[in-house]
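Structure record follows, encoded as structure tokens.
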Amino acid sequence: CVDQSGSMITSTVYAAVFGAVLASMRSVSTKMVAFDTAVADLTDELVDPVDLLFGVHLGGGTDIGRALAYCGGLVERPAKTIMVLITDLYEGGDPALMLRRAASLVRSGVRLICLLALNDRGAPFYDHHNASRFAALGIPTFACTPDLFPELMAAAIQGEDLELWAARRDITVARGE
């Protein structure tokens, strides 16, 4: 679930790489959803995620809550689902609704991971308040570079503690309020 709002422009390259990694994993079923205030399901066009993400230019505001609701509707087996939300967490919609939808996914058994946006130098930029609120829900919330993303996904699939995984790599993890 990739944020394509205007504030994510510098993070598009990273999101495209993450999408390419997921699409190349033949042992998992991957769905690709991009969003701003609208939601675009790109799953049927997932042949080349890099071209796909660079070809879709939503770029408006941000409604993470709407995107989470849509993605939640795609979940068939919550306990077997890893949902990766790539965003800066600057919510233009209703922040309380966004948090309720994230909490609902977690309660259902979905393993929700929030990967924070990276700027053009690879440094994280995001809404710290919402990151803390996600972390308080038990959602691992941190920035991950493309070189570590395959390892992160392997750890997630194996059910590892992702906060511990990140700490071992000196990755700063958002803490709950």
Exercise. For every other residue with a beta carbon closer than 14 angstrom to the beta carbon of GLY73, add +1 if it is Lys or Arg and -1 if Asp or Glu, then tell me the sum.
Key: +2
Exercise. State, as an integer percentage, the relative contact order of the chain based on alpha-carbon contacts under 8 Å between residues 6 or more apart.
Key: 20
Practice problem: Determine the per residue accessible area of the chain with all protein chains present and a 1.4 angstrom probe, expressed in square angstrom. | Solution: 47
Self-check item: segment 101-177 shape via C-alpha gyration tensor axes, a/c threshold 1.5
Solution: oblate
Practice problem: Scan (1) -0.32, -0.67, -0.78, -1.62; (2) -0.34, -0.69, -0.79, -1.46; (3) -0.38, -0.74, -0.85, -1.49 for the value of log10 I(q)/I(0) by the Debye sum over Cα atoms at q = 0.10, 0.14, 0.15, 0.20 Å⁻¹ calculated from this model and give just the label. | Solution: (1)
Quiz item: Taking the chain as a Gaussian network, Cα atoms linked when under 10 Å apart, which of ARG100, ARG77, ARG133 shows the biggest mean-square fluctuation?
Solution: ARG77
Quiz item: Measuring from label point to label point, each 7 Å out along Cα→Cβ, what is the THR145 to ALA123 span in nm?
Solution: 1.4
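The values are calculated or read from the model by the stated rules, or taken from the named source; none is laboratory data. Bear in mind the structure is a predicted one, so any value in this text is a computation, not a measurement. When we count neighbours, we look across all protein chains shown, and the Cβ atoms used for this are built from the backbone with ideal geometry, even at glycine. Keep in mind that these areas ignore ligands, DNA and RNA; they rest on the heavy atoms of the full protein, side chains included. Shrake-Rupley method; radii C 1.70, N 1.55, O 1.52, S 1.80 Å.
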